[in-house]
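Heads up: the structure comes next, in structure tokens.
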Amino acid sequence: MKQLVIFGSSNILSDIFDCALANNLPVSKIVLHLPEQPGERDIDLQQRIQSWGALGKVPEIVELDAFEPADDELYLLGPTTPTRTELERAILQRFKLEFHTLIHPRAFVSPLAKLAPGVFVGANSVIGPGATLGRHVFVNRGVTIGHDTHVGAFSRIQPGSNVGGLSRIGQGVTIAIGATLIERLHIGDHAFIGAGAVVITDINAGALMVGVPAKFKKSVMPSA
């Protein structure tokens, strides 16, 4: 039986574990690349994985420097923060690994859609025909992505968001909880669309957009 290995830790681990459980895919290891720094309202990794013990074996926690790949493993990135790009780079430099695409059985992905390695699609999400999701795109629960829309690598689309068809979403874009994007939009790399925002115009790279309709608030372009 294949086993899932998750690189990196974040609050999203519970969603990944839930999806793995629904696919009868045991999580065997969590490989850490950075010290854990939980926030005041976060759940730390040990508490999180111990709560999974009632449903199966508790995953082993391994440091990246001590990790060795095995033939029966599938691999996925855990964080959805910008550290994912650095983590993927570190993994590919050390190991020749291919990343797994994990789809919840209650999601619908059109057979005409294309999903790159490392994509995650959560429960009750719908990926329309002709849609393309780049490397390590994270689609959370209850998301819809319209037909022929392209989502760039490392972008994350949070629960309840709706993305219209025929749009181009850049790399590293965040679409927060409950946001709506009409069709035929171009969203620049690393843009951040706030929770509940309604986007009706193109968005420049690195822009933070909030409100209904969404308006520019400030630039959040990451430093080089």
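Contact map, the range 58-84: first residue free of Cβ contacts under 8 Å to residues at least 40 places away in the same chain and among the charged types (D, E, K, R), second residue surrounded by 14 or more Cβ atoms within 10 Å (Cβ to Cβ) and outside any loop (DSSP other than H, G, I, E, B), Cβ cut-off under 7 Å, separation 6 or more or different chains; pairs are 60/28; 60/29; 63/32.
Taking the range 161-197 as the search range and keeping residues that are of a type in the set (Ser, Thr, Tyr) and closer than 26 Å to residue 83 by Cβ, which one is surrounded by the fewest Cβ atoms within 10 Å (Cβ to Cβ)? Step through it out loud before you land on a result.
Pass one, the range 161-197, residues of a type in the set (Ser, Thr, Tyr): 161, 167, 174, 180.
Among the residues that remain, those that are also closer than 26 Å to residue 83 by Cβ are: 161, 174.
Numbers: 161: 25, 174: 21.
Only one residue fits best here, namely 174.
What about residue 200, is it in the same structural domain as residue 122 (by TED's automatic domain parsing), over 22 Å from residue 81 (Cβ atoms) and out of contact with any Lys or Arg (no Cβ under 8 Å at 6 or more places or on another chain)? Judged against the criteria, residue 200 is a match.
Checking every residue in the range 85-93 against the condition of being surrounded by 20 or more Cβ atoms within 10 Å (Cβ to Cβ) and assigned to a loop (DSSP other than H, G, I, E, B) gives zero matches.
Criterion applied to 118, 130, 142 was being within 21 Å of residue 25 (Cβ to Cβ), in a loop (DSSP other than H, G, I, E, B) and either touching a strand residue (DSSP E or B) at 6+ places or on another chain (Cβ under 7 Å) or not assigned by TED's automatic domain parsing to the domain that holds residue 70 (or both), and the one residue passing it is 118. Scanning the range 67-111 for residues that are closer than 19 Å to residue 15 by Cβ and basic (Lys, Arg) gives 84, 106.
Annotation: of all residues in the range 91-122 being touching a Pro at 6+ places or on another chain (Cβ under 8 Å) and small (Gly, Ala, Ser), the one that is nearest to residue 79 (Cα to Cα) is 122.
May I ask you to list the residues in the range 145-158 that are among the aliphatic types (A, V, I, L, M) and assigned to a strand (DSSP E or B)?
Keep residues of the range 145-158 that are among the aliphatic types (A, V, I, L, M), which gives 145, 151, 153, 157.
Selection gives 145, 151, 157.
For the range 156-177, filtering for residues that are out of contact with any Phe, Trp or Tyr (no Cβ under 6 Å at 6 or more places or on another chain) and within 11 Å of residue 140 (Cα to Cα) leaves 8.
Being among the hydroxyl-bearing types (Ser, Thr, Tyr), modelled with pLDDT of 95 or more, within 20 Å of residue 115 (Cα to Cα) and assigned by TED's automatic domain parsing to the domain that holds residue 126, is that true of even one residue in the range 161-170?
Taking the range 161-170 as the starting set, the residues that turn out to be among the hydroxyl-bearing types (Ser, Thr, Tyr) are 161, 167.
Now drop any that are not modelled with pLDDT of 95 or more, which leaves 161, 167.
After this cut, where a residue has to be within 20 Å of residue 115 (Cα to Cα) as well, the list is 161, 167.
Still in the list and also assigned by TED's automatic domain parsing to the domain that holds residue 126: 161, 167.
The answer is yes, given that some residue of the range 161-170 is among the hydroxyl-bearing types (Ser, Thr, Tyr), modelled with pLDDT of 95 or more, within 20 Å of residue 115 (Cα to Cα) and assigned by TED's automatic domain parsing to the domain that holds residue 126.
Taking each residue of the range 85-98 that is at negative phi and looking for partners that are at pLDDT below 90 and part of a helix (DSSP H, G or I) with beta-carbon atoms closer than 6 Å, six or more apart or interchain, yields nothing.
A Cβ distance below 6 Å, combined with a sequence gap of six or more or placement on separate chains, defines the contacts here; from the range 39-50, residues that are closer than 16 Å to residue 16 by Cα reach residues that are modelled with pLDDT under 85 in the pairs 44/38; 45/36.
Restricting attention to the range 137-158, the residues being surrounded by fewer than 22 Cβ atoms within 10 Å (Cβ to Cβ), over 12 Å from the mean Cα position of the chain (by Cα) and of a type outside the set (S, T, N, Q) number 5. Taken over the range 31-46, the criterion of being modelled with pLDDT under 85 and among the polar types (S, T, N, Q) is satisfied by 37 alone.
The values are calculated or read from the model by the stated rules, or taken from the named source; none is laboratory data. Because the structure is predicted, anything quoted here is derived from the model rather than measured. Note: ideal-geometry Cβ built from the backbone for every residue, glycine included; neighbour counts use all protein chains shown.
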